[in-house]
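Asker: Below is a structure I'd like to ask you about.
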Amino acid sequence: MIKRALKQTFTLLNVDHVKLDSGWNYSNVISPYFRIYYIDAGAGEIWDASAKVRLESGFLYIIPSFTLCNLICPDYLSQYFVQFFEESSDGISLFENNRVIMKVKATEMDILNFRRLLEINPGRGINRSDNPKVYEKNIFYKEYQELNNRQSLSTFTETHGILLQLVSRFLTQQTFKHRDTGHVPVKILNIISYIQLNLNRDLSVTLLAEKANLHTDYFSRLFQRHTGERPVKYVHEKRIERAQYLMLTSRMTFTEIAAQTGFDNVFYFSKIFKKITGVSPGAYKKQMNTIGF
């Protein structure tokens, strides 16, 4: 019998039941946390680079962390929502290959799970404002983390269990593209984990090849075969993803973020950031002022 150990844990940020109108209209939303919606009335739309998804009553939706999308409510939308962070023992997201909007038909258990989350986590909505200038600031991330720390062990465990149940609803063959790691060499899997956990260190192809005990050229070809990307590009993408997270959840300067993500200087950091995201770090941070929940 094959035993699996779940590497991911999920911690609550916000949960609430809200009624929205046409003011819920945000472009270029990208956040370091996950969102799950259950729509119980009204209609809206979410879309990313690949598809437009209609928000309709009776369905669950998930937006994985760092998934760029647009949100709109033409008239009226009633939704339960939960926002939560993902942590992984190897630094690899469960949705590493699935950063797209997903939709499934809601069940009675899903509705009960949302209601239970609200019952055991009162006051965890975005109570101040839906304006990200107000709520997407480091001080409020710390505040909600402290609320998690204050939870009883029973409530913390039940909350995590419900989040796992909600996430599991999107892990079907119809919605979730699972990469069979059984065919990926252990050496490559180990290097992927090493990269995720050491983004602030030297991650040259030579060093990674040495850690894998492989010739540099062979390592590069093998890495690309199983990840779809050359090592240098993969490292850059993971570093910029971490930089986006730090820009949204901390008050670090760009120089400090560059150092934390393994760039020699802020100029090179800015160059790679713009190459991958299409905008400069400054423009990206300013763009975050239009994010909504």
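The values are calculated or read from the model by the stated rules, or taken from the named source; none is laboratory data. Being a predicted model, the structure only gives us computed values, none of them experimental. Using ideal geometry, Cβ is built from the backbone for each residue, glycine included, and neighbour counts are taken over all protein chains shown. Only protein heavy atoms, including side chains, enter the accessible area calculation; ligands, DNA and RNA are left aside. Shrake-Rupley method; radii C 1.70, N 1.55, O 1.52, S 1.80 Å.
Asker: To make sure I understand the rule: partners must be aspartates and glutamates, Cα under 13 Å from the Cα of K233, and not fewer than 8 residues away in the same chain. Which ones qualify?
Answerer: E241
Asker: Send over a whole-number figure in Å² for the accessible area per residue of the chain, probe 1.4 Å.
Answerer: Details: 14880 Å² over 293 residues.
On a per-residue basis, 51 Å².
Asker: Counting helices only, and only those DSSP H runs with n ≥ 4, report the 222 nm mean residue ellipticity of the chain as the sum of -39,500 (n - 2.57) divided by its residues, in deg cm²/dmol to the nearest 500. Numbers along the way, then the final one.
Answerer: Numbers: 11 runs with 123 residues, N = 293.
-13000 deg cm²/dmol, from helical runs alone.
Asker: On to the next question. Taking the alpha-carbon set of the stretch 1-101, what are its Rg and Dmax in Å?
Answerer: 14.8, 52
Asker: At 4 °C and a viscosity of 1.567 mPa s, what translational diffusion coefficient does Stokes-Einstein give for the chain, taking Rh as the Kirkwood radius over Cα pairs? Give it in µm²/s as a whole number.
Answerer: 63 µm²/s
Asker: Using a basic spin-label model with each label point 7 Å from the Cα along Cα→Cβ, how many nm lie between M252 and E119?
Answerer: Label at M252, label at E119, 4.1 nm between them.
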